[in-house]
Each structure stands twice: as C-alpha cells, then as structure tokens.
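Worksheet: one structure, shown below.
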C-alpha cells in the first residue's frame, strides 16, 4: 500500500481510505471481516459519520482491536455548538474511542450553513473546544462545491479538506484545481471522494450498490485510469465509495498499478474516448 503524509497533521495515511458507510446494516462478523481485510492490505485511514445510518455503531466494535494503529476521521452535520458537541460525544462512544484523529464539518455547501457554523454558538465553537479538551486532534471539513471549500479555507486554518476530485470533472472543467492549489499552499491534508464516480443517475435508474451517482462498473481499465489520474493531481488520498466491493476493487487496482503513476498522453486519450458522451457528475 502506498502512503502519503496527510498535510500538517503529519499522519502517514494509506493512499486508499476506508469509507465507513460500507458497513451500515451489516452483521458484526461481516463488518469484522471487511475491516480485517482492509487492515491486512495496509489501510490505516477510516472515515465515518453519524449520518451514515447505523454505520458508526457497526464499525466501532470492528475497529476496536486496531485502534492504536489506525486514523479515525468522523464528521458532523450539526451546525450549532450544542448539537455538534452532543453528536461528537455520541460518536466517541459508538467508535469505542476517547478521541478522534480528525473531526470534520460535514457536507457544508449551503451558504446559510457556512454562516451558521462560524456564528456565535456555531459548530466551530464546539470543534475548537473539543480540540482543546483532547477529544479531537485535528479539524477539517467536507463539501462538494468548490466555492464553499474556498470560503471555508479563508475563514479558518483547517487541517484537512475532503472534496470531489473526480477524473471526468477535472479533465473537462478543472473542477477542484483551485481547492487543490489553496489546500497545498496551506499544507492541508487532502481527501478525495467520488474518485470512481462516472455520471449522474438517470430518471428511474436504480442505484448501483446504494450510491447516489453511477460509478464505473465493469470497466477495469477505466477504473484504473480514473484512480491513477486523481491520485496524481496532488498529495491526496482517496476514500472508497460506499460498498465493500469498491474497497476490494481499489485495493486490487493499487496492487496492479505499482506507484499509481500518472497517465500518459495515450492513456488520457483512452479516457476521453471512453467518456465522450457521458455527462459529468460535478459542475460547481
């Protein structure tokens, strides 16, 4: 497994991060097996959130035997200090830990949310307080909109940013480049989501393994090219989509593509040819 230093956190994180939503509604033995598989393959970064239904309660017991060797990142969608603190404490209990290595403002794209979290009594007060108390080591945020990410980075010295760095959107429109540039200037840890997202779901189309977008499926070549492209856009790590099959797929691709080297011009042309008529997922 490849490892990268997660910005100013100093943590050596696996190039592939475990998307904790994949264990929601699983039986304990199933979750144990999936977590053990990840650990055995060198993954040490685990991403989780209370908004992923019961996933944090399932992941907690499964990750407990490995706690001292892994980096656990959790999140909150609460925007007030009181509710964010309550949710943080509940997540600590669920994950059987005294602290989180990283705690993030989650899915913070709406302009009203941006104002709320920084206002008096906003969620940032709870996160800063929790850091002072040792309940969290680092503070970050997640969002899908580029302008929201840039605004957040201008308001506080966050340790990490989680954002879609999707191959198709970056190739076509450069979406994410400004976020990468500012994050690198600030020495932030950079986390990529939607690495294997291909296109929006069409009207009436059934979700693929519960995902809200249509992922790359049944095209290993394109999956590998997408993963290599994203990996080389900056010093980032990639969070798996929300199903264990994609964890297995990304681990396999990492092993079969030593170093995850950047695409050649010929390989970039293959990507363009394969996606010529595909609508991209992310635009703003």
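The values are calculated or read from the model by the stated rules, or taken from the named source; none is laboratory data. Computed from a predicted structure; not experimentally measured. Methodologically, a virtual Cβ is constructed for each residue, glycine included, from the backbone with ideal geometry; neighbour enumeration extends over all protein chains shown.
Residue by residue, here is whether (1) modelled with pLDDT under 95; (2) farther than 22 Å from residue 227 by Cβ; (3) out of contact with any helix residue (DSSP H, G or I) (no Cβ under 9 Å at 6 or more places or on another chain) holds:
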site: 134; (1), (2), (3): no, yes, yes
site: 139; (1), (2), (3): no, yes, no
site: 171; (1), (2), (3): no, no, no
site: 187; (1), (2), (3): no, yes, no
site: 193; (1), (2), (3): no, no, yes
site: 196; (1), (2), (3): no, no, no
site: 212; (1), (2), (3): yes, no, yes
For this session: Check whether at least one residue in region 148-155 is in contact (Cβ under 8 Å) with a residue 24 or more places away in the chain, surrounded by 15 or more Cβ atoms within 10 Å (Cβ to Cβ) and closer than 23 Å to residue 254 by Cβ, and report yes or no.
Result: no
For this session: Might you check whether a residue that is farther than 21 Å from residue 268 by Cβ, surrounded by fewer than 19 Cβ atoms within 10 Å (Cβ to Cβ) and free of Cβ contacts under 8 Å to residues at least 40 places away in the same chain occurs anywhere in region 158-171?
Result: no
Exercise. Is it true that residue 62 is within 15 Å of residue 45 (Cα to Cα), out of contact with any strand residue (DSSP E or B) (no Cβ under 7 Å at 6 or more places or on another chain) and buried (at least 16 other Cβ atoms within 10 Å of the Cβ)?
Worked result: yes
For this session: Residue by residue through region 11-21, note down the ones that are touching a helix residue (DSSP H, G or I) at 6+ places or on another chain (Cβ under 7 Å) and closer than 15 Å to residue 251 by Cα.
Result: 15, 16, 18
For this session: Looking only at region 20-52, count how many residues are over 15 Å from residue 66 (Cα atoms) and surrounded by fewer than 24 Cβ atoms within 10 Å (Cβ to Cβ).
Result: 12
